[in-house]
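Inspection log for the structure reproduced underneath, given as structure tokens.
The values are calculated or read from the model by the stated rules, or taken from the named source; none is laboratory data. Because the structure is predicted, anything quoted here is derived from the model rather than measured. Heads up, the Cβs are rebuilt from the backbone with ideal geometry, glycines too, and the neighbour counts pull from every protein chain shown. Accessible surface areas use protein heavy atoms only, side chains included; no ligands, DNA or RNA. Shrake-Rupley method; radii C 1.70, N 1.55, O 1.52, S 1.80 Å.
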Amino acid sequence: MRNDGWAEMSRTGTAEDKAGSGEPRRHRIGIAKIVVLSLGAGLAAAVLLPFIPWPTVDANFATAMVLLGFAIGWALLAALSVRLTDQPQRWAYAPALFMGVGAVLLLFLPDAVLGALDWVWPPALLVLVVWVFRRAKRDLRSRTRTWLLNPVLAVLVLFALGGAYEAIGRATEPSVAMRGELVDVGAYRLHLECTGTGAPTVILEPGGGASAATLGWIAPEVARHTTVCVYDRAGKGWSDAAQTPPDGAQTATDLHTLLERAYVSGPYVLAGHSFGGLYVMRYAAQYPDEVAGMVLIDSTAANTNPVPPTTDGSDSLLKHVSALMSATARLGLGRLLGGATAKEMASFIDEYAVAGRSASEAGELKSLDGKPLFVLTAEQGNSEGWMPHQDAMATLSTNSLHEVVPGATHQSLVDNPTHAAAVSQAIVDVVEAIRTGAPLATR
């Protein structure tokens, strides 16, 4: 009891001495409250900042805003603990500075330089975590170090390991040179590659989230019979990303501009796989005179309902969400999910975010009249109602065939050589029907 009394008198005397000497007196607040308040504020800022207006909304911007938000949280922890508690945590300025500088670099450095920094930040973050852990163990005498700060540091370790995994995976990937050309379509450039000779020209439309590379079994075979062009939609493959999620109408406009500026003459045979079927149907509705025939390869069904109205700002919100989600590619998530880059992840999310609108826009195609139409359907793995939709699409033309490919699945129609050969043959059949003027004949 005597010792406790002396301790209390000592604390009181110290505070009074400081007050009497003119030194500002601290308002004592529990350090646990400061830790929770600061890190919570940082988390809230990291969630909200990626949605502020910015000229270029992409994975770099989203990552920078998340880092800036967390930097605010660490800075608050340092400043408030020094000002308001008897346990100053000045070490928290270090992660605040690390993340703040990272945010600035992401916003203003070119991608080529940022690519080099991808080798730097994971080990630097690991070193920082170890240093913070040791300093906090010495300075932070609170249970929050165990149940809040240490889990945060563990997450940062996972981020560093994911970043290292992504950097190593990207470095060990085989280098692939771009073939074809990049064509300026206005707001961005699209990749186009045409091979073969003859007319009509076939335009291959990849499936949802896919690039032109996925049609590698089909394009060379078709090129033996006529000109065939493959291209990457905005954000796919070698093409630049779009600033707003491109729906079916925008995709059709992009393709029209691409072919016009690349001097690829029509009318064309459009062949679309999966979600790409929606885009070729929309193109035929938007530019009917430029379409000579069509092949729908296990295509997604169009929606005959009217095109849903767009809410003001909805596309911008979707772009911010997709940028935020695609930023996880820096941590190796895209690689784990199939080798997607941040740009490709954003494009994939954008595409499916406006899927309903694209389906309704494709539904504006009511008829191809007598133009040759070949509908190919996979035999296996179809969901309930898939086959009736395929039958319905075959009624778009009075000159059509609907064939079910034995043993094929939705994906094997493009990545299995045997099943892809059936697709190539269907395209060639449409080309020959256009050249001869004869109706499609059952094979």
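Some notes on this structure:
- Rounded to the nearest 20, the size of the Cβ-charge dipole of the chain about its Cα centre is 2740 debye, with Lys and Arg at +1 and Asp and Glu at -1.
- Think of it as helices only: each DSSP H run of n ≥ 4 in the chain is worth -39500 (n - 2.57), and spread over all residues that comes to -16500 deg cm²/dmol at 222 nm.
- Glu181 versus His256: modelled label distance in nm, points set 7 Å from Cα along the beta carbon direction: 2.2 nm
- Global geometry of region 40-142, whether rounded, prolate or oblate, following the gyration tensor of its Cα atoms and the 1.5 cut on a/c: oblate
- The residues of the chain present an accessible area of 49 Å² per residue when probed at 1.4 Å with all protein chains retained.
- Per-bin percent of Cα-Cα distances, the chain [20 Å]: 22, 41, 23, 10, 4, 0
- Sparsely packed loop sites in region 332-391 (the trypsin sites (Lys or Arg not before Pro) outside DSSP H, G, I, E and B with at most 13 other Cβ atoms within 10 Å) comprise Lys366.
- Segment Thr395-Ser383, length gained on full extension (0.36 nm per residue, minus Cα span): 2.3 nm
- About its Cα centre, region 241-379 has a charge dipole of approximately 380 debye under the convention of +1 per Lys or Arg Cβ and -1 per Asp or Glu Cβ, with nothing else charged.
- Diffusion coefficient, µm² s⁻¹, Stokes-Einstein with Kirkwood Rh over alpha-carbon pairs of region 74-207 at 37 °C and 0.692 mPa s: 172 µm²/s
- Summary of packing: across the peptides 61-70, 236-245, 267-276, the per-residue average of other C-beta atoms within 10 Å ranks them, highest first, as 267-276, 61-70, 236-245.
- When the chain is treated as a Gaussian network with alpha carbon springs shorter than 10 Å, the biggest mean-square fluctuation among Val120, Val431, Val230 belongs to Val120.
- Heavy atoms of Val354: accessible area, 1.4 Å probe, square angstrom to 10: 0 Å²
- Carbon-plus-sulfur accessible fraction, the chain (probe radius 1.4 Å, protein heavy atoms only): 62%.
- Solution diffusion estimate, µm²/s, Stokes-Einstein, region 25-74, Kirkwood Rh from C-alpha pairs, 20 °C, viscosity 1.002 mPa s: 180 µm²/s
- When the P(r) is computed for region 92-155, the part past 19 Å accounts for 40% of the Cα-Cα pairs.
- Within a straight-line Cα-Cα reach of under 30 Å, Lys137 can be paired with the following lysines, leaving aside sequence neighbours fewer than 8 residues apart in one chain: Lys18, Lys33.
- Signed unit charges on C-beta, dipole axis of region 363-443, positive-most listed residue Ala433, Val405, Pro388: Ala433
- Fraction of antiparallel bridges per DSSP, region 172-238 only, in percent to nearest 5: 75 percent
- Taking label points 7 Å from Cα along the Cα-to-Cβ direction, Thr172 and Val101 give a separation of 3.0 nm.
- Dipole of the chain [Lys/Arg +1, Asp/Glu -1 at C-beta], most positive-end residue of Pro123, Ala199, Ala359: Pro123
- Amide hydrogen neighbours beyond the local backbone of Val291, cut-off 5 Å, H modeled: Tyr268
- Dipole in debye (nearest 20) - region 150-223, about Cα centre, beta carbon charges: Lys, Arg +1; Asp, Glu -1: 160 debye
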